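Peer 1: Just dropping this structure here.
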Amino acid sequence: MARAYIALGANLGDRALAIEQATLRLGRAGHVYARSRILETAPVGPVADQPAFLNCMVALDTGLSPHALLATCLAIERELGRDRGTSARPQGPRTIDLDIVAYDDLQLDTPTLKLPHPALHHRGFWRIGLLEVGARIRALLDS
């Protein structure tokens, strides 16, 4: 089993419900071991003219390979209405976004997946989520 850290974000529709549904669906890929609180954040990147996001971080224990986990995350996004088609703006508004931030201590650089995620150092809410998930994991281990 590997431990993957997945960032979830949504800024269209019922954002909180999308995060809850995505978290439940991640259970198909393994065991959701811990989740951070949900934070509301302003959009980052080149498309700032969009609604605020709800974001959280999930620790997932999984037997899937990194690429199989990525395929699962993309399938969950499609199930929850994410359109990555040619009409969708890159980094624009979305019903749900799942990003694999880290997978154990694996370093990977392929055309479809880079680990740890290259934006990790630029997204403070991801770091907050990782710290909170880590604290929850430590509390579980100590109990």
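The values are calculated or read from the model by the stated rules, or taken from the named source; none is laboratory data. For clarity, every value in this text was computed on a predicted model and none was experimentally measured. Ideal geometry is used to build each Cβ from the backbone, glycine not excepted, and the neighbour counts take in all protein chains shown.
Peer 1: For the stretch 29-87, which residues satisfy the criterion of being among the acidic types (Asp, Glu) and over 13 Å from ASP99 (Cβ atoms)? Walk me through how you get there before you give the answer.
Peer 2: Here is the first cut: in the stretch 29-87, the ones among the acidic types (Asp, Glu) are 40, 49, 61, 77, 79, 83.
Correct list: GLU40, ASP49, ASP61, GLU79, ASP83.
Peer 1: Can you name the residue in the stretch 18-38 that is out of contact with any helix residue (DSSP H, G or I) (no Cβ under 9 Å at 6 or more places or on another chain) and of a type in the set (A, V, I, L, M, F, W, C) and is also nearest to TRP126 (Cα to Cα) among such residues? So that I can check it myself, show each step before the final result.
Peer 2: Kept after step one, since they are out of contact with any helix residue (DSSP H, G or I) (no Cβ under 9 Å at 6 or more places or on another chain), are these residues of the stretch 18-38: 18-20, 23-24, 27, 31.
Of the ones still in play, those that are also of a type in the set (A, V, I, L, M, F, W, C) are 18-19, 24.
Details: ALA18: 18, ILE19: 15, LEU24: 20 Å.
Once the filter is applied, the top-ranked residue is ILE19.
Peer 1: Would you mention how many residues in the stretch 84-98 are at pLDDT below 70 and out of contact with any Pro (no Cβ under 9 Å at 6 or more places or on another chain)? Give the steps one after another, and end with the answer.
Peer 2: Quick first cut of the stretch 84-98, residues at pLDDT below 70 only: 85-90.
Add one more test, that the residue is out of contact with any Pro (no Cβ under 9 Å at 6 or more places or on another chain), and what stays is 85-89.
Total meeting the criteria: 5.
Peer 1: Report yes if ALA10 is closer than 22 Å to PRO118 by Cα and of a type in the set (A, V, I, L, M, F, W, C), otherwise no.
Peer 2: Working: closer than 22 Å to PRO118 by Cα: yes; of a type in the set (A, V, I, L, M, F, W, C): yes.
So ALA10 fits the description; yes.
Peer 1: Select from the stretch 33-89 the residues that are polar (S, T, N, Q) and over 18 Å from GLY129 (Cα atoms) and write down the one among them that is nearest to the chain's Cα centre (by Cα).
Peer 2: THR72
Peer 1: Hey, another quick one. Quick check on the stretch 68-83: of everything there that is surrounded by 17 or more Cβ atoms within 10 Å (Cβ to Cβ) and of a type in the set (D, E, K, R), which residue is modelled with the highest pLDDT? Spell out how you get there, then give the answer.
Peer 2: Step one: of the stretch 68-83, the residues surrounded by 17 or more Cβ atoms within 10 Å (Cβ to Cβ) are 69-70, 72-73, 76-77, 80, 82.
Still in the list and also of a type in the set (D, E, K, R): 77, 82.
Numbers: GLU77: 95, ARG82: 89.
Among them, the one singled out is GLU77.
Peer 1: Still on this structure: Would you check which residues across the stretch 1-20 are surrounded by fewer than 19 Cβ atoms within 10 Å (Cβ to Cβ) and not in a loop (DSSP other than H, G, I, E, B) and list them?
Peer 2: Restricting attention to the stretch 1-20, the residues satisfying the condition of being surrounded by fewer than 19 Cβ atoms within 10 Å (Cβ to Cβ) are 1-3, 12-14, 16-17, 20.
Across the stretch 1-20, the qualifying residues are ALA2, ARG3, ALA16, LEU17, GLU20.
Peer 1: Turning to a different aspect of this structure: What pairs come out if I take residues in the stretch 27-45 that are touching a residue at least 40 places away in the same chain (Cβ under 8 Å) and pair them with residues that are acidic (Asp, Glu) and surrounded by fewer than 17 Cβ atoms within 10 Å (Cβ to Cβ) whose C-beta lies under 6 Å away, six or more apart or interchain?
Peer 2: TYR33/ASP61
Peer 1: Moving to a separate point now. Return the pair list, or none, for Cβ contacts closer than 7 Å from residues in the stretch 98-113 that are touching a residue at least 12 places away in the same chain (Cβ under 8 Å) to residues that are among the hydroxyl-bearing types (Ser, Thr, Tyr) and assigned to a strand (DSSP E or B), at least 6 apart or on different chains.
Peer 2: Within 7 Å, the pairs are VAL101/TYR5; ALA102/TYR5.
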